[in-house]
Amino acid sequence: MYRVSICLVALLSLTTVSAAQVPPSLAGCRAFPVGNIWNVPIDQMPVDPSSDAYIATIGAATGMHADFGSGLWNGAPIGIPWVDVPGTQPPVPITFTYSDQSDPGPYPIPPDAPIEGGPASDGDRHVLVVDRDACILYEMFYAWPQDAGTWWTAGSGAIFDLGSNDLRPDGWTSADAAGLPILPGLARWEEAASGAINHSLRFTAPDTRTAYVWPARHYASNSSDPARPPMGQRFRLKAAVDISGFSPEVQVILQALKTYGMILADNGAPWFLSGVPSESWDNDDLSELSQITGSDFEAIDVSSLMVDADSGATTLSPLFADGFELGNTSGWSGEGP
């Protein structure tokens, strides 16, 4: 009877997951397991009781802005770039300013790795690298190559196993203020052109508070004002917002914001949506996002999806009755969008 019960639970769980979208791919690697919080629809989650206050604080009348695109801005590509490398890429030493909350090096960073804002930038200078053979993501904040890239300095750094649901240690930052990975939350042209973005996106807000909610692990504020949203707060575009008049790729972005929402990941300009630079983006089309204002969004409560505070797995993950993951989530062919 016990074996039958376990099998029934497992079968029911698989039935639920089979209806979900295949997780996105990064250089042939699945961007986190099936049912991970980044990859599950949140269109049925309840509205957070503080939604109106959060929207007002960020800016109810402020338009959304695509913080990515084609061409150059101040001499550098627009957005946060990334690169994938083979498992044979030589690792190099990294010296971190915030070493107590950084995963120690070496990291397999190529000497010519693209830097957010360009080589001369004095901004966030994110560097994102995927080891496509091991499916490991390496991210750095305020990264500077030294001695022709034979070693690097950075403010902070984080390593993410793309086949795992593990979160960073509680209270730790990453290359992002919220302690989250950056790359899985970026809008990418290839996804938009395919007709579907099947994951949450990343955005910034100027005023946050000294709090964070799952799956975030860190805050970056000195304010306890309850009207300010915590890091990790999920928002979604309201279902009633008509997106039919937007250009096709912008419609894909907006539909993702309805289905998967966006996660507050860093302090920055209000409603700035993050993405990867590409010459295929049409900046005129992306400018249509400014027609979407803060009042078109609502903050939502995803806490009921949490299985474990230290895991990105959700109640939509394939689980055994006792909470263990069903099957091997790390082995994946890379097929799918």
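Summary table
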quantity: Neighbour net charge for P86 - beta-carbon separation under 10 angstrom, K R +1, D E -1; calculated: -2
quantity: Whole-Hz ³J(HN,Hα) from phi, Karplus 6.51 cos²θ - 1.76 cosθ + 1.60, for the range 144-150, glycine and proline x; calculated: 10, x, 10, 6, 6, x, 6
quantity: Among [x] 17.3; [y] 20.1; [z] 16.4, the entry that matches mean projected area of the Cα convex hull in nm² as calculated here; calculated: [x]
quantity: GNM flexibility winner over the chain from W214, W151, W271 (Cα, springs under 10 Å); calculated: W151
quantity: In sequence order, calculated HN-Hα J values of the range 127-139 (Karplus, 6.51, -1.76, 1.60; Hz; x Gly/Pro); calculated: 10, 10, 9, 10, 7, 6, 7, 8, 6, 10, 9, 10, 10
quantity: Full-stretch length increase - S223, A60 - with 0.36 nm per residue and alpha-carbon distance subtracted; calculated: 56.6 nm
quantity: Global form of the range 214-256, assessed from the alpha-carbon gyration tensor, a/c cut-off 1.5; calculated: prolate
quantity: Antiparallel DSSP beta bridges within the range 2-305, percent to nearest 5; calculated: 65
quantity: Relative exposure of H126, H65, H199, H218, judged by other C-beta atoms within 10 Å (fewest first); calculated: H65, H218, H126, H199
quantity: Cα gyration tensor shape for the range 122-186, rounded if a/c is under 1.5, else prolate or oblate; calculated: oblate
quantity: Residue among I115, W172, L305 farthest towards the positive dipole end of the chain, charges placed on Cβ; calculated: L305
quantity: Relative contact order computed over the chain (Cα-Cα under 8 Å; 6+ residues apart), in percent; calculated: 28
quantity: Under 5 Å, built H, 5+ apart or other chain: amide partners of G312; calculated: D166, L167
quantity: Computed E for A269/D161 - FRET, C-beta separation, R0 30 angstrom, nearest 0.05; calculated: 0.45
quantity: Choice from S274, S295, S156 showing the highest fluctuation, given a GNM over the chain with Cα pairs closer than 10 Å; calculated: S295
quantity: From phi via Karplus (6.51, -1.76, 1.60), per-residue ³J(HN,Hα) for the range 153-167 in Hz, x at Gly/Pro; calculated: 10, 7, x, 7, x, 9, 10, 10, 7, 5, x, 10, 8, 4, 9
quantity: Charge context of Q101, other residues only, Cβ under 14 angstrom, K/R +1, D/E -1; calculated: -3
quantity: Ranked list, fewest to most other Cβ atoms within 10 Å of each Cβ, for M64, M231; calculated: M64, M231
quantity: Full-extension gain in nm, A239 to D112, via 0.36 nm per residue minus C-alpha separation; calculated: 41.4 nm
quantity: Under-5 Å amide H pairs with Q146, H placed in peptide plane, nonlocal only; calculated: W151, W152, T153
quantity: Helical mean residue ellipticity (222 nm; -39500 (n - 2.57) per DSSP H run of 4+; nearest 500) of the chain; calculated: -4000 deg cm²/dmol
quantity: Residues whose placed amide H lies under 5 Å from that of A211, excluding near-sequence neighbours; calculated: A220, M231
quantity: Protection-proxy order for peptides 221-227, 305-311, each taking the mean of Cβ atoms within 10 Å per residue, highest first; calculated: 305-311, 221-227
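FYI, it's all coordinate maths here, none of it is from the lab. All figures in this text were calculated on a predicted structure; none of them were measured in a lab. Because the Cβ atoms are built from the backbone with ideal geometry, glycine has one as well, and the counts that use them run over all protein chains shown.
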